[in-house]
Ligand SMILES: [Cu+2]
């Protein structure tokens, strides 16, 4: 019985490792400047954790077999302090080390200043949809007032009609961007914490009510990419999604004009 269990553990371990090594279920190809560094850091993490996983499961299989029931009396063990300290500090070094190696990728997208000519777009999360806002020809985001937020009145973000800079703001349920141009995304939330996640950009960031979370990226492939909300935000969370549409510069400008509010 113990031999069978040890074998089952080993076989399940090998099958799991095979699916990761063969990349059976994997991320789609990346389309942002962070992709290469992100993917190599991801592989480093997976390899390090894969080795730990393999050794730990092998150890488990060995112990199951080695200490199988042989009719003797069980004895009490108080554990081994040296070994406890060794693998706890080993795990600490591994986790902190991986964070230190990878943090420059996060830093590039979040704390480095965007280029002066970057396209600024606000992206708002709400239960349970997304809204993108463009500043329009005047380049300025108009004032928004919470008491004016009303979807049925066609004003989901509460644009203030008394503010002249809000008159040309474009509000859309999807976010379109021109290819190969830097975009500064300003993430906001109307209610609870949501999460902006585009696998192809290799970017993921919470949207927090009351805060403006900024990040920037340059999309290099034309296409339509899903934005599933990735923070459990309520009953309708499962259907909260939008799309990132990467277009040619001409198509993008046309799209902006087509969706501009009537003047
Ligand atoms: Cu959400």
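Might you let me know whether the range 237-253 holds any residue that is without any contact (Cβ under 8 Å) to a residue 40 or more places away in the chain and within 16 Å of the ligand (Cβ to nearest atom)? The answer is yes, given that some residue of the range 237-253 is without any contact (Cβ under 8 Å) to a residue 40 or more places away in the chain and within 16 Å of the ligand (Cβ to nearest atom). Residue selection: residue 174 satisfies the criterion of being at pLDDT 95 or above, touching a strand residue (DSSP E or B) at 6+ places or on another chain (Cβ under 8 Å) and within 16 Å of the ligand (Cβ to nearest atom). Based on what the data block shows, is residue 187 within 16 Å of the ligand (Cβ to nearest atom), without any contact (Cβ under 8 Å) to a residue 12 or more places away in the chain and either farther than 22 Å from residue 103 by Cα or crowded, with 16+ Cβ neighbours inside 10 Å (or both)? In short, no. Comparison of 226, 200 shows that the only residue that is within 15 Å of the ligand (Cβ to nearest atom), at pLDDT 95 or above, touching a helix residue (DSSP H, G or I) at 6+ places or on another chain (Cβ under 9 Å) and not in a loop (DSSP other than H, G, I, E, B) is 226.
Of all residues in the range 121-148, those being closer than 20 Å to residue 168 by Cα, buried (at least 18 other Cβ atoms within 10 Å of the Cβ) and modelled with pLDDT of 90 or more number 13. In this structure, residue 120 does satisfy being within 25 Å of residue 159 (Cα to Cα), in contact (Cβ under 8 Å) with a residue 40 or more places away in the chain, away from the ligand (no atom under 16 Å from the Cβ) and part of a strand (DSSP E or B).
If the condition is being part of a strand (DSSP E or B) and either touching a strand residue (DSSP E or B) at 6+ places or on another chain (Cβ under 7 Å) or in contact (Cβ under 8 Å) with a residue 12 or more places away in the chain (or both), then the range 123-154 contributes 123, 124, 125, 126, 129, 130, 131, 132, 133, 134, 144.
The values are calculated or read from the model by the stated rules, or taken from the named source; none is laboratory data. Remember, predicted model here, so these are calculated numbers, not experimental data. All Cβ positions, glycine included, derive from the backbone under ideal geometry; neighbour counts span all protein chains shown.
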